[in-house]
Amino acid sequence: MKASEAVSYFLDSALGKEEDFLKLHERREYKYYTMDSFYPCEKDGIYKQGKIYAIRIRTVKQELAEYFSRMLIHHTSGEMEGLTGELRIIPKKQLERVYSLTPVIIKTEKGYWREHMSVPEFEDRIKINLIKKYNQFNHTKIEENFQLYNLIEFKNKVPVKVPYKNITLLGDKINLIASNDPMAQELLYFSLGTGLGENNARASGFMNYQYI
């Protein structure tokens, strides 16, 4: 099993333990959490049985963070067993940049976006998707006429393969130099807890950050 699939199944099986959180997961809406993969990375790409690894799970929902911290300790999915965990709040400071540790996914009916979309169209999809998440979570509708970031940099030369439901999606590792616009800063901070792009609850679009 791929690492991202193992982590996703581990969280899914924990969410299934209580009806309210199972319903949350089954609803066709944004999940408001994301995660990275195992740390430390293995040079050969094969994670070892019996070895201890760390994963980071982020969410903008306090009740979900508390649920994971309570339910994942000693939870087992067959492939993984939780040992310990702790809750941390990311300080809200001026962001210089955010960058993806797992590939950012944009799904289209025609497949990988580069085959039929321009970079500006890709950027619009990222921004619109993030605004929709923010609006839905906060029950609001923000003004969309602002610059989210000053520069986008693609870190991969070829698409990054991401396994998903017996198929392979293609994504990108990106680096965003943050805009100083207050709404942009708010949204980029929000993306740290939700992920950027799509399939965030399947370990895609997990963002790291650097302050000014």
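Binning at 10 Å from 0, report for the range 76-204 what percent of all alpha-carbon pair distances ends up in each bin.
Once binned at 10 Å, the Cα pair distances of the range 76-204 give 11, 39, 33, 15, 2.
Express the accessible area of the chain per residue in Å², computed with a 1.4 Å probe while the remaining protein chains stay in the model.
About 58 Å² of surface per residue is accessible.
Roughly speaking, what is the stretch gain from residue 121 to residue 18, that is 0.36 nm per residue apart minus the C-alpha to C-alpha distance, in nm to one decimal?
Here the segment from residue 121 to residue 18 would lengthen by 33.1 nm.
When ranked by the protection proxy of mean other Cβ atoms within 10 Å per residue, highest first, what sequence do the peptides 198-206, 33-41, 88-96 form?
Most protected by this proxy first, the peptides run 198-206, 33-41, 88-96.
So what are the radius of gyration and Dmax for the Cα set of the range 16-141, in Å?
17.7, 48
Could you please state, rounded to a whole Å, how far the C-alpha centre of the range 41-58 is from the C-alpha centre of the range 70-85?
14 Å
Counting only protein heavy atoms and using a 1.4 Å probe, what share of the accessible area of the chain belongs to carbon plus sulfur, as a whole percent?
51 percent
Where nothing but the Cβ of Lys and Arg (+1) and of Asp and Glu (-1) is charged, how large is the charge dipole of the range 107-149 around its Cα centre, in debye to the nearest 20?
Here the range 107-149 has a charge dipole of around 200 debye.
If you take every residue apart from residue 108 with its C-beta less than 15 Å away from the C-beta of residue 108, what net charge results, scoring Lys and Arg +1 and Asp and Glu -1? Don't skip to the answer; put the middle values down first.
Values: positive: 107, 110, 114, 125; negative: 109, 115, 121, 123, 124, 172, 198.
Local net charge: -3.
Using helices alone, what [θ] at 222 nm do you get for the chain, with -39,500 (n - 2.57) per DSSP H run of 4 or more residues, divided over all residues and rounded to the nearest 500?
-9500 deg cm²/dmol
Using a basic spin-label model with each label point 7 Å from the Cα along Cα→Cβ, how many nm lie between residue 83 and residue 132?
Rounded to a tenth, the inter-label distance reads 4.0 nm.
Quick one: how many Å² of residue 158 are accessible to a 1.4 Å probe, rounded to 10?
Surface accessible to solvent at residue 158 totals approximately 100 Å².
For residue 92 and residue 152, FRET efficiency with R0 = 22 Å and r from the beta-carbon atoms, rounded to 0.05?
Details: r = 23 Å, r/R0 = 1.04.
Taking R0 as 22 Å, the efficiency between residue 152 and residue 92 is 0.45.
Put a dot 7 Å past each Cα toward the Cβ at residue 208 and residue 173; how far apart are the dots in nm?
0.9 nm
So what's the net charge close to residue 36: Lys and Arg +1, Asp and Glu -1, counting the other residues with Cβ under 13 Å from its Cβ?
On the way: positive: 56, 58, 173, 202; negative: none.
Value of the local net charge: +4.
The values are calculated or read from the model by the stated rules, or taken from the named source; none is laboratory data. Here the structure is a predicted model, which is why all the values come from computation and not from measurement. Please note: Cβ atoms are built from the backbone with ideal geometry, for glycine as well, and neighbour counts cover all protein chains shown. For accessibility, only protein heavy atoms count, side chains too; no ligands or nucleic acids. Shrake-Rupley method; radii C 1.70, N 1.55, O 1.52, S 1.80 Å.
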